[in-house]
Amino acid sequence: MLSCMDRLSIDGAWVHTPTVHSDPRGTFHEAFRATDLRAAAGRPMELAQINSSTSRRGVLRGVHFAAVPPGQAKYVTCVSGSVLDVAVDLRVGSPTFLRWESVVLDDATRKGIYLAEGLGHAFLALSEQATVVYVCSQPYAPGREHGVHPLDPDLGIDWPAGLTPLLSDKDAAAPTAKEAMAAGLLPDHDTCLAHYRSLAG
């Protein structure tokens with residue numbers, strides 16, 4: 001199977017399914033190709049920071065996003081174990097505002113997900129332990145970082161049954177989408193589109 005970039009129903013979200021080569025030694029795959037992402041998204045993704053987190057089963061991280069501009073685009077993979085990874089459209093005025101989509105990322109398929117600036121990101125660890133690696137277009141900047149509560153009923157994310165989500169204190173105290181919008185925290189869709197065009201050159 002050839003590697004492919006598949007567009008999700010939320011504009012700015014793509015799933016990369018790589019070709020995984022196996023032999024008696026193990027496996028090899030290209031986890032990220034800048035040219036493939038640029039061809040799909042129509043703009044490059046600069047590499048400013050790489051983060052890695054390890055989570056035990058049931059840990060729920062997110063929904064996180066950064067103020068736009070400059071925002072923070074992410075390319076996320078799970079290098080060990082498995083997670084349910086979720087993209088949420090938090091761009092006020094977007095045709096898919098508050099829509100979410102989920103993709104299982106794991107160490108078998110080696111899929112990755114790209115999320116453009118302005119999209120929210122969250123994941124739930126499905127395996128006993130999961131290690132997630134995030135390639136980020138901008139460095140962490142506390143003053144620009146925001147969150148929406150991942151269990152917000154207005155989002156209605158279908159988290160797997162049978163797991164009690166374990167949230168950080170910060171994520172547990174995050175506002176709902178309505179509260180974040182009322183506070184002016186959510187990204188504006190038109191501003192995001194203008195930012196994407198500026199990146200495309």
- request: Mind telling me which of the residues 141, 130 ends up being modelled with pLDDT under 95 and in contact with a strand residue (DSSP E or B) (Cβ under 9 Å, 6 or more places away or on another chain)?
  value: 141
message: Being closer than 30 Å to residue 161 by Cα and exposed (fewer than 14 other Cβ atoms within 10 Å of the Cβ) narrows it down to one residue among 33, 56; which is it?
response: 56
message: For region 40-48, check the following and say yes or no: at least one residue is closer than 18 Å to residue 110 by Cβ and either open to solvent by 40 Å² or more (accessible area, probe 1.4 Å) or within 16 Å of the chain's Cα centre (by Cα) (or both).
response: no
Residues of region 186-201 satisfying the condition of being open to solvent by 60 Å² or more (accessible area, probe 1.4 Å) and in contact with a strand residue (DSSP E or B) (Cβ under 7 Å, 6 or more places away or on another chain): 188
message: Checking the conditions here, which among 17, 77, 27 is surrounded by 15 or more Cβ atoms within 10 Å (Cβ to Cβ), over 16 Å from residue 123 (Cβ atoms) and of a type in the set (Val, Ile, Thr)?
response: 17
- request: Report yes if residue 71 is surrounded by 14 or more Cβ atoms within 10 Å (Cβ to Cβ) and outside any strand (DSSP E or B), otherwise no.
  value: yes
message: Checking the structure you have, find out if any residue of region 108-123 is assigned to a strand (DSSP E or B) and more than 16 Å from residue 74 (Cα to Cα).
response: no
- line: In region 157-171, anything closer than 13 Å to residue 86 by Cα and open to solvent by 40 Å² or more (accessible area, probe 1.4 Å) is listed as 158, 160
- prompt: If you check 63, 83, 103, which single one turns out to be under 16 Å from residue 7 (Cα atoms), part of a strand (DSSP E or B) and β-branched (Val, Ile, Thr)?
  reply: 103
- prompt: Cβ-Cβ below 7 Å, separation at least six or inter-chain, first residue in region 147-167 and assigned to a loop (DSSP other than H, G, I, E, B), second of a type in the set (Phe, Trp, Tyr) and surrounded by 11 or more Cβ atoms within 10 Å (Cβ to Cβ): which pairs?
  reply: 155/100; 157/100; 165/159
- prompt: From the residues in region 172-185 that are part of a helix (DSSP H, G or I) and out of contact with any Leu (no Cβ under 7 Å at 6 or more places or on another chain), which one is surrounded by the most Cβ atoms within 10 Å (Cβ to Cβ)?
  reply: 181
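The values are calculated or read from the model by the stated rules, or taken from the named source; none is laboratory data. All values derive from a computational prediction rather than experimental measurement. Note that we place each Cβ from the backbone using ideal geometry, even for glycine, and neighbour counts take in every protein chain shown. Please note that ligands, DNA and RNA were not included when accessible areas were found on the heavy atoms of the full protein model with its side chains. Shrake-Rupley method; radii C 1.70, N 1.55, O 1.52, S 1.80 Å.
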